[in-house]
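J.: Sharing a structure with you now.
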Amino acid sequence: IFLALMFKSKKYKKDIIFNFLNKIYKNLKPNFLAVSGFNDFIADIYSRIGSVHKFNHYYILNPKCKPKVSSNLYTSKKKNKIDNLELSITKNIQKLPISKSYPKKTKKYFVNKYLTNPFYDYFILNFYENKKLAFFFICRKIKISEFKSNIYRIVDFYGEIKDKFYIYNNISKTLIKNKIEYVDFLCFGFKEDILINLGFFKKNKKQIIPNFFEPFIKKNDKTKICILRNNYQKNLIICKGDGDQERPNKIKIKI
């Protein structure tokens with residue numbers, strides 16, 4: 001369960017949070033309870049009742065595109081390394097790959113949250129090992145009009161990534177073909193270096209990858225997550241799409 005809590009009164013913030021969480025613990029008894037996307041004031045409160053972490057930010061930059069939205073990103077120097085997975089881009093899910101991570105998700109979950117979403121248009125990057133689906137990323141294209149640039153944002157993931165997997169070249173070709181500046185991925189819980197081995201770079205402090213696009217703000221944002229209850233204990237993977245972080249701030253109504 002992910003929570004989205006908003007308060008108008010600073011005076012009663014703490015009481016509201018504690019009372020609300022206490023009711024959830026007693027009535028719903030969830031295996032997993034977390035909150036994502038909150039400011040430093042709320043982080044101080046959550047740190048007393050749970051564990052607060054920062055999302056890690058990964059990316060792959062288009063090697064043939066002049067950066068406009070991002071700043072100081074790297075391109076791969078592993079020119080001789082060969083991809084060992086096949087890439088297929090679709091807008092539907094036939095079946096889910098095997099996954100040992102938590103929380104567990106279903107085909108219905110992905111369809112309802114992303115593929116039939118009335119506000120955003122999502123697509124799927126499917127990766128196959130010997131014709132068998134190993135994992136996929138749920139993505140959407142974001143257009144930044146003022147820079148005349150487009151980016152891909154990975155918002156969700158499912159499956160298993162092995163240390164030997166490598167996808168950089170196929171992703172780069174896709175970015176080049178579709179004139180996309182970069183693809184990025186905000187996430188928490190992946191084993192150290194697993195996404196680096198896959199072909200991603202991890203963002204450092206000197207690099208800029210914006211997080212807000214409605215309206216667009218060209219600066220970094222330290223998106224946080226607080227884990228309040230975790231009965232799974234291990235193999236926990238949280239993506240930006242979990243909870244309410246993947247939602248529109250501006251809604252265009254067609255008349």
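J.: Would you confirm whether or not segment 147-157 contains a residue that is touching a strand residue (DSSP E or B) at 6+ places or on another chain (Cβ under 6 Å) and either at pLDDT below 95 or more than 23 Å from residue 67 (Cα to Cα) (or both)?
T.: yes
J.: Moving on. Quick check on segment 183-191. Is at least one of its residues surrounded by fewer than 17 Cβ atoms within 10 Å (Cβ to Cβ), modelled with pLDDT of 90 or more and in a strand (DSSP E or B)?
T.: No, because not a single residue in segment 183-191 is surrounded by fewer than 17 Cβ atoms within 10 Å (Cβ to Cβ), modelled with pLDDT of 90 or more and in a strand (DSSP E or B).
J.: Identify, please: which residue in segment 208-232 is under 17 Å from the mean Cα position of the chain (by Cα) and among the aromatic types (Phe, Trp, Tyr) and is, among those, surrounded by the most Cβ atoms within 10 Å (Cβ to Cβ)?
T.: It comes out as 213.
J.: Keeping to segment 91-109, report how many residues are in a helix (DSSP H, G or I) and either surrounded by 13 or more Cβ atoms within 10 Å (Cβ to Cβ) or of a type in the set (Ser, Thr, Tyr) (or both).
T.: Count: 2.
J.: Additional query: Considering segment 155-180 alone, what residues qualify as being part of a strand (DSSP E or B) and over 12 Å from residue 127 (Cβ atoms)?
T.: Listed by number, the residues that qualify are 155, 156.
J.: On the given criteria, is residue 243 buried (at least 16 other Cβ atoms within 10 Å of the Cβ), among the small types (Gly, Ala, Ser) and closer than 26 Å to residue 119 by Cβ?
T.: Taking the combined requirement at face value, the residue satisfies it.
J.: Further question: Which ones in segment 110-132 are of a type in the set (Ser, Thr, Tyr), without any contact (Cβ under 8 Å) to a residue 60 or more places away in the chain and surrounded by 15 or more Cβ atoms within 10 Å (Cβ to Cβ)?
T.: Selection gives 122, 128.
J.: While we're here: Return the pair list, or none, for Cβ contacts closer than 7 Å from residues in segment 58-81 that are in a loop (DSSP other than H, G, I, E, B) to residues that are of a type in the set (Asp, Glu) and at pLDDT 95 or above, at least 6 apart or on different chains.
T.: Listed pairs, sorted by first residue: 62/181; 65/181; 67/181; 68/181; 69/181; 70/181.
J.: With the requirement that a residue be free of Cβ contacts under 8 Å to residues at least 60 places away in the same chain and not hydrophobic (A, V, I, L, M, F, W, C), what does segment 158-183 give you?
T.: 162, 163, 173, 177, 178
J.: Pull up segment 50-90, narrow it to residues that are surrounded by 19 or more Cβ atoms within 10 Å (Cβ to Cβ) and touching a Pro at 6+ places or on another chain (Cβ under 9 Å), then point me to the one that is nearest to residue 185 (Cα to Cα).
T.: Here the answer is 61.
J.: Being open to solvent by 20 Å² or more (accessible area, probe 1.4 Å) and not aromatic (Phe, Trp, Tyr) is the filter here, so list the residues in segment 136-160 that pass it.
T.: Result: 140, 141, 143, 145, 146, 148, 150, 160.
J.: Which pairs do you get when a residue that is modelled with pLDDT under 90, found in segment 229-255, comes within reach of a residue that is surrounded by 13 or more Cβ atoms within 10 Å (Cβ to Cβ) and acidic (Asp, Glu), reach meaning Cβ atoms under 9 angstrom, with the pair 6+ apart or on two chains?
T.: So the pair list comes out as 246/156.
The values are calculated or read from the model by the stated rules, or taken from the named source; none is laboratory data. Small disclaimer: the values here were computed from a predicted structure and weren't measured. Note that each Cβ is placed from the backbone with ideal geometry, even for glycine, and that neighbours are counted across all protein chains shown. Side chains are part of the model used for accessible areas, which takes the heavy atoms of the whole protein and leaves out ligands, DNA and RNA. Shrake-Rupley method; radii C 1.70, N 1.55, O 1.52, S 1.80 Å.
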